[in-house]
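The values are calculated or read from the model by the stated rules, or taken from the named source; none is laboratory data. All values reported here derive from a predicted model rather than from experimental measurement. FYI the Cβ positions are ideal-geometry reconstructions off the backbone, even for glycines, and counts take in every protein chain you see. Only protein heavy atoms, including side chains, enter the accessible area calculation; ligands, DNA and RNA are left aside. Shrake-Rupley method; radii C 1.70, N 1.55, O 1.52, S 1.80 Å.
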Amino acid sequence: MKKKILELLRESEGFISGEKISEEFGVTRAAIWKNINSLKEDGYEIESISRKGYRLLSSPDILSYEEIKSYLSTQFTGRKIYYYDTIKSTNKMAKEIAHNEEEGVVIVAEEQLEGRGRLGRTWESPKKKGIYFSIILKPQVHPMKVSKLTLVGAAAVNLALEEMGVTSNIKWPNDILIKGKKVCGILTEMSSELNMINYVVMGIGINVNLDRNEIPEDLQDKATSLKIESKDEINRKKLMALILNKFEKFYLPFKEDGEILQAIEVCRKNSAVIGNEVQILNGSTKKLGRALDINDAGELVVEFTDGKIQSILSGEISIRGINGYI
Ligand code: BT5
């Protein structure tokens with residue numbers, strides 16, 4: 001009922017009377033009053049004037065389905081969204097519910113208390129300053145193909161940022177950088193049998209409206225936000241929807257035959273890595289080389305210092321910058 005009343009308020013230009021809302025939904029005036037109050041508690045600014053009725057003045061800056069849907073053009077991605085004000089980790093929650101949910105379901109939170117990176121690392125997720133969400137996927141392809149899915153997320157974020165007027169680069173396989181500093185990280189996790197995927201969870205975290213002093217001390221020299229770089233507040237609702245739109249477009253071919261050629265092309269064109277000297281970290285060993293390309297399987301092609309050329313399926317790399325490897 002609350003959602004329907006919100007919809008009606010949005011659609012009506014000017015005031016809508018309590019009487020009209022009661023007629024529309026067949027509920028009492030008291031019930032309407034209760035729902036309006038609940039919407040106000042959610043952050044909607046609603047003016048109420050006796051004999052005139054109710055008018056929506058403003059909507060809160062939150063990432064619920066109701067708020068992002070006007071920008072969404074997907075068939076199934078983000079058409080069901082579990083929205084949390086605070087959560088430990090959207091990836092953790094997504095994995096808990098994935099068995100009973102359909103592909104495309106999204107878990108989003110305004111804040112994560114235990115946001116996670118790869119290998120047990122942390123993802124800083126301050127409240128309402130970023131976008132933190134996870135998408136549940138159920139592709140019927142071989143589990144071996146899943147690691148390249150991260151590139152679908154990376155290409156989607158890169159193009160969505162471009163559409164918002166922010167130029168970024170993709171640091172294979174899971175980071176988005178602006179001028180060499182990390183603005184977004186992607187964590188892809190999977191549950192599978194030997195040759196069948198149960199589910200994949202792709203978590204995307206983006207630093208959106210953080211000011212410089214809101215970036216944690218230890219990340220100051222390697223992290224940034226969209227606001228810091230573009231010197232403007234960014235519309236989080238629109239950005240999240242654009243990412244989901246582009247994600248679905250790149251993901252559909254993967255569902256068909258496990259290929260993601262369009263996404264890989266975006267990752268190549270906007271790569272922060274190709275042509276640069278890189279350090280490949282594998283457990284405790286480090287190898288130096290030059291990144292040559294990303295092949296059609298989504299692997300990074302590297303020429304090592306001994307002249308050997310190898311394709312790397314997934315892993316940790318750092319790029320040589322002016323101050324050494326970052
Ligand atoms: C990642 O790991 O970059 C994956 C991050 C995924 C976060 C999303 S948010 C929604 C979903 N739910 C989750 O719990 N996670 C996902 P990795 O490549 O391992 O990078 C982690 C490293 O990035 C940390 O060790 C820090 O050095 C740095 N870092 C942490 N928070 C950051 C931030 N907000 N901005 C930039 N860098 C950060």
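What is the Cα centroid distance between region 76-140 and region 8-39, reported in whole angstrom?
33 Å
Assuming R0 = 45 Å, what is the FRET efficiency of Glu45 and Glu277, from their Cβ-Cβ distance, to the nearest 0.05? Display every interim value, and only then the final one.
On the way: r = 53 Å, r/R0 = 1.18.
Step by step, r from the Cβ atoms, then E = 0.25.
Leaving out ligands, DNA and RNA, and with a 1.4 Å probe, what % of the accessible surface on region 249-326 is carbon or sulfur?
Details: 2140 of 4400 Å².
That fraction is 49 percent.
Accessible area per residue, 1.4 Å probe, Å², for the chain: what's the number?
Working: 16030 Å² over 326 residues.
Per residue, the chain has an accessible area of 49 Å².
What aspartates and glutamates could a cross-link reach from Lys88, if we take a straight Cα to Cα line under 14 Å and drop same-chain neighbours fewer than 8 places away?
Glu96, Glu110, Glu111, Glu114, Glu124
With the contact rule set at Cα under 8 Å and sequence spacing of 6 or more, what percent relative contact order holds for the chain? Don't skip to the answer; put the middle values down first.
Working: 651 pairs, mean separation 43.8, N = 326.
Reported as a whole number, the value is 13 percent.
Can you order the peptides 309-319, 126-136, 46-56 by their average number of other Cβ atoms within 10 Å per residue, highest first?
126-136, 309-319, 46-56
Taking the simple approach of a point 7 Å from Cα along Cα-to-Cβ for both Glu265 and Lys138, what is their distance in nm?
About 3.1 nm, to one decimal.
GluC sites (Glu not before Pro), restricted to region 74-135: which are DSSP loop and have at most 14 other Cβ atoms within 10 Å? All intermediate terms of the calculation are to be shown ahead of the outcome.
Values: sites: Glu96, Glu101, Glu102, Glu103, Glu110, Glu111, Glu114, Glu124; in loops: Glu101, Glu102, Glu103, Glu110, Glu111, Glu114, Glu124.
Passing both the DSSP loop test and the Cβ count: Glu102, Glu114.
Could you work out what % of the accessible surface of region 2-58 is carbon and sulfur, using a 1.4 angstrom probe and leaving DNA, RNA and ligands out of the count? Present the calculation step by step, with values, prior to reporting the outcome.
Working: 1710 of 3740 Å².
That fraction is 46 percent.
Using a 1.4 Å probe over the heavy atoms of the protein chains, calculate the carbon and sulfur portion of the accessible area of region 106-171 as a whole percent. Let's see the in-between values first.
Numbers: 1260 of 2440 Å².
On region 106-171, the fraction of accessible area on carbon and sulfur atoms equals 51 percent.
Considering amide H positions built from the backbone, and no H for Pro or chain starts, which residues 5 or more places from Ile197, or on another chain, come under 5 Å of its amide H?
Val141
Beyond 30 Å between alpha-carbons counts as too far, so tell me which of Lys3/Lys148; Lys249/Lys287; Lys95/Lys231; Lys138/Lys308; Lys95/Lys249 fall in that bin.
Working: Lys3/Lys148 38 Å; Lys249/Lys287 36 Å; Lys95/Lys231 36 Å; Lys138/Lys308 37 Å; Lys95/Lys249 23 Å.
Over 30 Å Cα-Cα: Lys3/Lys148; Lys249/Lys287; Lys95/Lys231; Lys138/Lys308.
Provide the gained length on full extension for the span Ser318 to Asn195, in nm with one decimal, where the gain is 0.36 nm per separating residue minus the Cα-Cα distance.
Details: separation 123, 0.36 × 123 = 44.28 nm, distance 3.19 nm.
Taking Ser318 through Asn195 to full extension adds about 41.1 nm, to one decimal.
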